[in-house]
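Everything below concerns the one structure shown next.
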Amino acid sequence: MLLLAAVYAVTVPVLAVLSVFYAVALSWKLCVWVALRCRHGRSAAVLSGADAISQFPLLRVNEAANNMVVRIAGRVSLPDLRRRFRENLLDVKRPNGAWKHPKLRQYFTEFLGLHVALPDPEFEFEPHFDYYYDSGETPVTYRDERDLSMIVEDLVNAQHWERPTMAPWRIFLLPRRDEQEHVLLVKADHAIFDAGAAVMVLFPSIADGDAAAKDLFRNMAHVSRWRRAWLHFRGLMILPFGTLMQFFNEPDWNPIHRHDRNSKEGKFVAFPQVVPLWRLNDIRHATDVKINSIVLTCVSRAVCRFVEHRFGSSSTSSVIDGSSEKPWTWTCHQPVSMWMPGDSPELVNRISAVATPLPMTTTVTGSEGSAPVVEPITRLTSTEHLQIVKEQMARVFVADAIWSGYTFLRLGINTVPKWVTVPLARRSFTHPTLGLSNVRCAEAGYTVFGHPVTLITGFLPLIKTWDLGVVVTSYNGDMAITVTGRKSAFSSAEEMKQIQSYIMEEIDDLHRMAKQLVASKNNTLPDAEQTVNKISV
């Protein structure tokens, strides 16, 4: 607390000086807004900071687009899906007559130095929600899982915006050959929505009934206005300190991160492997550690095992005995949803992030008289590693850093000149090797025209300097784990999928140890059927 008070004491005078500069920037933004409305009318808008960050150079790559998958066990027709999408989302208006979700009809560009949304002059709905056609203009179908995985990877890596002024989103319907199953693949510019908006707005728009009620807020207590204001204030107070720290970030140095990024374009995707949520909840109850930290531990151990397997013991020992040029470093970028009860569900971005260093080695105390030995982190048991991650995520500055990042997005991006914000964003984004996103969907399953939705998942957007992405999606009592990797960082999709297999093995191992931990306390874990499937994020 003394350290936090010292940071606040330094922050107050710094913010006082910066407020003058910010007032000038805000005045310029207001002038741009007026000029934009005068030239393009009410349908044009200046993007919010959280939406505009996706327009920065590092994110203007095809690999950074949003890609999500919805799997429907049954026969559905394209006209019915289109009609429901229009009625529940595309054509919905506000009381004043304006579109409720205007970005579905807009494209993104620059105007007088700021990122703006302008109406698509040739907007037609049908091409945006359609089958995926082959060269002969025949709808593409899939036979089995392998076939589907290949089609999805092709779609993820393809360019789908035929013209610069096209609204950057597409939804593809992929039928199975027997038409007894259908898959929807969503591809969109990240400026349109984040994962929270997809869960609360996009997916429910095609589902039966009042699916919108099954949103992110179901397990969250009401957040009062004063509490919300206090969180924003804490983020503001630590903002100068957090911004300054970005300049001391160095890019990760490890065998996955150091490669020629121009050698191959695109990314590999691994279709999800599923684990029952009750296993994660068993671990949570036994260890008193949140799901996020459990997943981060398993991902960290999986990456360490992958490096040992791929690069051999010589590469591992070169790091440990200090003979390498410099130690390997690993950082995980974790997007954090900032949606709170009281927010209006709409297609926007409300997101922050926290960068977490991944410990890949540990110091083991030797016998009396011998020097400590540095060994790979996998030498620790899963529960020992989990406690390290728990302590790391419980540090006081982690929560403040998340709110600081959100405040920076809301107040700084697309307001303060780009010659200030772009270098800061570059320093923030370029050092991590991997990203990890934990997405929470409905506890009860959706249906679409009476057919159950068996899977909702996504593939992490990879900005230009990231090499690996993991998305963990909880839905209907299961947790789906997808992995995506840059093609220039991995020799093949099968090699990248090894990380996914290791993650699943680490979850199994941690669950086994959690059961042993409970048994040692003379307790028994509840049966799977009695476990309450509630995830704490």
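When SER491 is tested against (1) small (Gly, Ala, Ser); (2) surrounded by fewer than 22 Cβ atoms within 10 Å (Cβ to Cβ); (3) closer than 27 Å to ILE283 by Cα; (4) more than 20 Å from the chain's Cα centre (by Cα), only condition (3) is not met. The residue of the range 63-84 that is surrounded by the fewest Cβ atoms within 10 Å (Cβ to Cβ), among those that are farther than 21 Å from VAL156 by Cβ and touching a helix residue (DSSP H, G or I) at 6+ places or on another chain (Cβ under 8 Å), is ARG84.
Taking the condition part of a strand (DSSP E or B), over 30 Å from LYS497 (Cβ atoms) and among the polar types (S, T, N, Q), does THR109 pass? It would help to see each step written out before you state the result.
On the way: part of a strand (DSSP E or B): yes; over 30 Å from LYS497 (Cβ atoms): yes; among the polar types (S, T, N, Q): yes.
Yes.
Number of residues in the range 405-433 that are of a type in the set (Phe, Trp, Tyr), within 30 Å of GLN273 (Cα to Cα) and at pLDDT 85 or above: the value is 0.
Out of the residues in the range 240-276 meeting the condition of being touching a Gly at 6+ places or on another chain (Cβ under 9 Å) and at pLDDT 75 or above, tell me which one is nearest to GLU506 (Cα to Cα).
The first filter runs over the range 240-276 and keeps only residues touching a Gly at 6+ places or on another chain (Cβ under 9 Å), leaving 242-243, 256, 267-270, 276.
Add one more test, that the residue is at pLDDT 75 or above, and what stays is 256, 267-270, 276.
On the way: ILE256: 20, LYS267: 24, PHE268: 22, VAL269: 20, ALA270: 18, PRO276: 14 Å.
So, considering only residues that are touching a Gly at 6+ places or on another chain (Cβ under 9 Å) and at pLDDT 75 or above, the one nearest to GLU506 (Cα to Cα) is PRO276.
Would you mind stating whether ILE499 is in a helix (DSSP H, G or I), touching a residue at least 40 places away in the same chain (Cβ under 8 Å) and among the β-branched types (Val, Ile, Thr)? So ILE499 fits the description; yes.
Given the criterion modelled with pLDDT under 85, outside any loop (DSSP other than H, G, I, E, B) and out of contact with any helix residue (DSSP H, G or I) (no Cβ under 6 Å at 6 or more places or on another chain), identify the matching residue among ALA52, ALA35, ALA16. Don't jump to the end; show me each part of the working.
Working: ALA52 fails: modelled with pLDDT under 85; ALA35 fails: modelled with pLDDT under 85.
Among ALA52, ALA35, ALA16, only ALA16 is modelled with pLDDT under 85, outside any loop (DSSP other than H, G, I, E, B) and out of contact with any helix residue (DSSP H, G or I) (no Cβ under 6 Å at 6 or more places or on another chain).
Conditions (1) surrounded by fewer than 24 Cβ atoms within 10 Å (Cβ to Cβ); (2) of a type in the set (Ser, Thr, Tyr); (3) more than 14 Å from the chain's Cα centre (by Cα); (4) outside any strand (DSSP E or B), marked per residue:
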{"residue": "GLY445", "(1), (2), (3), (4)": "yes, no, yes, yes"}
{"residue": "THR454", "(1), (2), (3), (4)": "yes, yes, yes, no"}
{"residue": "TRP466", "(1), (2), (3), (4)": "no, no, no, yes"}
{"residue": "GLY469", "(1), (2), (3), (4)": "no, no, no, no"}
{"residue": "THR473", "(1), (2), (3), (4)": "no, yes, no, no"}
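The set of residues from the range 434-458 being farther than 16 Å from VAL336 by Cα and at pLDDT 90 or above comprises THR447, VAL448, PHE449, GLY450, HIS451, PRO452, VAL453, THR454, LEU455, ILE456, THR457. Would you point out which residue out of CYS332, CYS304 is modelled with pLDDT of 75 or more and more than 23 Å from ILE238 (Cβ to Cβ)? Of the residues listed, the single one that is modelled with pLDDT of 75 or more and more than 23 Å from ILE238 (Cβ to Cβ) is CYS304. Considering the range 416-444, and only residues there that are touching a strand residue (DSSP E or B) at 6+ places or on another chain (Cβ under 8 Å) and hydroxyl-bearing (Ser, Thr, Tyr), the residue that is nearest to ARG486 (Cα to Cα) turns out to be THR433.
The values are calculated or read from the model by the stated rules, or taken from the named source; none is laboratory data. Keep in mind that this is a model prediction, so the values were computed, not measured. Using ideal geometry, Cβ is built from the backbone for each residue, glycine included, and neighbour counts are taken over all protein chains shown.
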